[in-house]
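The values are calculated or read from the model by the stated rules, or taken from the named source; none is laboratory data. These numbers come from a predicted model, not from an experiment. Cβ atoms come from the backbone with ideal geometry, glycine included; neighbour counts cover every protein chain shown.
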Amino acid sequence: MYNASLFIEPWISEFLSAFGKKFVEEWGIGDIGTEIREGIMQWQHTFFNIGNIPFILTDAIIVTWIAVILVIILTRSMVGKDGIRPNKRQTALYMLVDLMIGVCMGFGMKRDEAERVIPMIGTFGLVIAGCNVISFFKIAPPAKNIAFPAALAVTAIVYVIYISIRLVGFKGFWLSLTTPMKAMLPFKILDFIIKPVSLALRLFGNVFGSFVFMEFLSIIVPIILPAAFGLWFDIADGLLQAVVFSYLTMSYIGEICEVAHEYEEHPENFAKPKKAKKSKKSSADSKPAEATV
């Protein structure tokens with residue numbers, strides 16, 4: 001027994017010493033600036049040539065395609081096979097679609113119009129959600145590269161203009177630009193420039209800020225807190241940004257459709273007020289009658 005204790009005590013002391021050194025190395029904070037800069041580097045890329053034409057392949061492109069493939073697999077599994085009674089996953093998907101249709105109709109669209117825009121709006125939401133949530137697995141989200149949210153925002157605003165013209169025609173779209181007065185036209189055009197900038201900066205700012213915070217947290221407290229905070233900053237906040245992007249895109253289309261439908265139902269509200277014509281009266285009527293003697 002005494003010999004066994006003599007054998008175990010040195011092993012325990014060596015283990016505790018090695019554990020202490022490893023613990024200090026794990027929790028030790030070196031050059032924070034260098035570590036954070038390496039963690040939040042905007043993008044990494046590589047070049048490849050097709051013939052004599054160089055192409056850039058960034059990490060944002062690779063991660064986006066990974067997220068898109070995962071989203072396709074997930075949605076396909078939810079759709080499943082048609083049956084007499086939908087299963088739980090199909091029911092959840094139907095409820096989500098009905099919710100989006102209700103939101104679109106609340107913005108001023110008709111049901112058939114809402115059903116036409118839902119596929120594209122849903123694609124925006126699912127792709128953004130997948131690209132944001134993937135950061136929970138310590139993969140840099142594509143939205144931390146400003147090119148990704150900028151491309152999404154430009155695509156969204158081009159789609160808003162295109163689908164609005166398809167739904168209400170050029171006349172309805174023009175009415176949305178000139179209502180309540182034609183003097184608003186320059187400001188409405190400027191609004192279509194500001195909207196994609198707002199969409200891009202909102203998505204980029206939130207995702208990049210969350211990514212920087214999680215990188216900083218993983219450097220300072222690398223064991224417990226990152227996993228707990230990641231449930232919000234990587235998952236909940238990522239899903240929230242996808243909802244906000246889709247919600248705003250629906251509202252932009254609804255604003256245009258609402259004006260066009262108002263014109264269809266009440267065209268008199270858009271008619272120019274006619275100036276009242278002054279009736280010419282005879283001088284005898286305009287002048288007071290002379291008193292007769």
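Here are the numbers for the structure shown:
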{"item": "Any hit, the range 123-142, residues being on the phi < 0 side of the Ramachandran plot, among the aromatic types (Phe, Trp, Tyr), surrounded by fewer than 17 Cβ atoms within 10 Å (Cβ to Cβ) and modelled with pLDDT under 90", "result": "yes"}
{"item": "Selection count where residues are without any contact (Cβ under 8 Å) to a residue 40 or more places away in the chain and in a helix (DSSP H, G or I), scope the range 77-103", "result": "17"}
{"item": "Pair list, Cβ under 8 Å, 6 or more apart: the range 178-202 residue within 22 Å of residue 247 (Cβ to Cβ), other residue polar (S, T, N, Q) and in a helix (DSSP H, G or I)", "result": "188/176; 188/178; 199/249; 202/241"}
{"item": "The lone exception for residue 183 - which of (1) loosely packed, with under 15 Cβ neighbours inside 10 Å; (2) among the small types (Gly, Ala, Ser); (3) touching a Gly at 6+ places or on another chain (Cβ under 8 Å) it fails", "result": "(3)"}
{"item": "Verdict on residue 157 being surrounded by fewer than 17 Cβ atoms within 10 Å (Cβ to Cβ) and either out of contact with any Cys (no Cβ under 9 Å at 6 or more places or on another chain) or at pLDDT below 90 (or both)", "result": "no"}
{"item": "Odd one out for residue 74, checked against (1) closer than 27 Å to residue 164 by Cβ; (2) without any contact (Cβ under 8 Å) to a residue 60 or more places away in the chain", "result": "(1)"}
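This table checks each residue for (1) at pLDDT 75 or above; (2) surrounded by 12 or more Cβ atoms within 10 Å (Cβ to Cβ).
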{"residue": "24", "(1), (2)": "no, no"}
{"residue": "29", "(1), (2)": "no, no"}
{"residue": "42", "(1), (2)": "no, yes"}
{"residue": "61", "(1), (2)": "yes, yes"}
{"residue": "74", "(1), (2)": "yes, yes"}
{"residue": "82", "(1), (2)": "no, no"}
{"residue": "86", "(1), (2)": "yes, yes"}
{"residue": "89", "(1), (2)": "yes, yes"}
